[in-house]
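See below for the structure under consideration.
Bear in mind that the values in this text are calculations on the coordinates, not laboratory data. This is a predicted model, so every value here is computed, not measured. So basically every Cβ, Gly included, is an ideal-geometry build from the backbone, and we count neighbours across all protein chains shown.
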Amino acid sequence: MPRFDGACIDFHQKRPAMVFVPEKELIAQVENGELPRFLVAQGVRRVLVDVLWPANANVLRKLIESGVEVWVLTRPSALHGWWKKGNKGTPKGLVEWLERHHPQVLKGFKGDIKNDAFDAVLLRYVKPKFMRPISKEYLTCWVRMVLFRTARRNYQRLINQLEAFGELSEDERWRLKMAEDHLVAEALAFVNTVRTNYPGIDGLFTKLNIADDVIAQAHCAEVFLEALDCRSFADFLKKLGISPATPTISKKEHKRPFIHDGKAKHALVQLTLKVYRLDLRNPKVLWKAGRLARRIWRWKERCLEAAQPGGGNPE
C-alpha cells in the first residue's frame, strides 16, 4: 500500500479542517487560519490536501512560506472513489481493501464510512500518481485564474440572457460593455501574474501569434498552468479530454469518455479557434487542439528546465 509521508488534511468550506498526523497518531479539527501554526508546532514538514479552493489557497501559501512542503490531489475522485459503495459483489475501493487485509487501520472508527475522520485517514493511502506538489508561484497564479474564469462565466451567462431577449436596448448594451471591460481587466491581471511568476511566457505568446490579444493570452496561460500538474503529455491530453493516441475522439471514447477538466478543455478550444482562425463547427478543431496542446507542453517542459540551476532560457 502506498502511504503518504506526512500529514493529511481534509478541507471544508464552512467547517474546520480535519488533520491526520499518522506519526503521532493524531486526528484533530483545526480552523483554517490556525493550520500553519498548528502544523509547525507538531513538527509537520509535509502535507497532502484533498482539494484546492480559493478559500484555502492563502492558507496553503502560508504553509509553503513557513517551510512546509504542500501536495494536493490532482483528481478529487481519487479519494471519493475509495468510499464504500455497498456489500454486493467483489469488494471495491480502499475501505473494502483495508477491511479485508488491514482491519487495524480502521479500528476505532464507528458509524458511517463517509465522515471527515475517514476522509483524512484515507488521504494517506491514495496512489502517488493522483497527487502533485504545488508551489507558491502556482498558487498565486491559480487564484488569478479562478477570478478570470469567474468573470468569463458571468460574461457568457449575460450574453446568453441578453440574446434570449432579442434586440438589445441601450441599457443592455451598457451592461454588456461593462461586463466585457471587467473580463478584459481580469484577463490582464491574470496574464501579468503569470508573467511575474513564470518569466518568458511572452515568448510563447509570440510563437502563437497572440501577443495583441489579452483574452487569448489568458486562455494560453490557463492551459500552461493546467499542464504543470501532469506527469506526461498523454496525461495532459487525457486531462483535456483528448485521446493520447490521436488528437481525435473515437466512437468508443464517446461511449466511455475521459474524466477530464472541462474548464481546461474550454480554454484550449477557445485558444485553438484564435490561433488557427477556425470556426467551432470545423471538424479539425480537436485535431488542431491536440497539436496546440503539444506546442504548449513542449514550451512548459523547456520552461521547467530553464528554472533549474544553469538551465538557461526557455526560448
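Amide H contacts of Gly241 (H built 1.01 Å from N, in plane; Pro and chain starts excluded): Asp261 sit under 5 Å, all sequence-distant by 5 or more or on other chains.
Of the residues Asp212, Asp261, the one with the fewest other Cβ atoms within 10 Å heads the list, and the complete ranking is Asp212, Asp261.
Can you give me the C-alpha center-to-center distance between region 188-212 and region 1-65, rounded to a whole angstrom? Their Cα centres are 33 Å away from one another. With a simple spin-label model that places each label point 7 Å from the Cα along the Cα-to-Cβ direction, the separation between Lys136 and Thr206 comes to 3.0 nm. In order along region 173-178, the phi-based Karplus estimate (6.51 cos²θ - 1.76 cosθ + 1.60, θ = phi - 60°) of 3J(HN,Hα) comes to 5, 5, 4, 5, 5, 5 Hz; Gly and Pro are listed as x.
Residue exposure proxy: Leu304, Leu208, ordered by other Cβ atoms within 10 angstrom of their Cβ from fewest to most, comes out as Leu304, Leu208. On full extension, the segment bounded by Leu304 and Phe165 gains 45.2 nm, given 0.36 nm per residue less the C-alpha separation.
As a proxy for reagent exposure, Tyr155, Tyr198 were ordered by neighbouring Cβ count within 10 angstrom, fewest first; the result is Tyr155, Tyr198.
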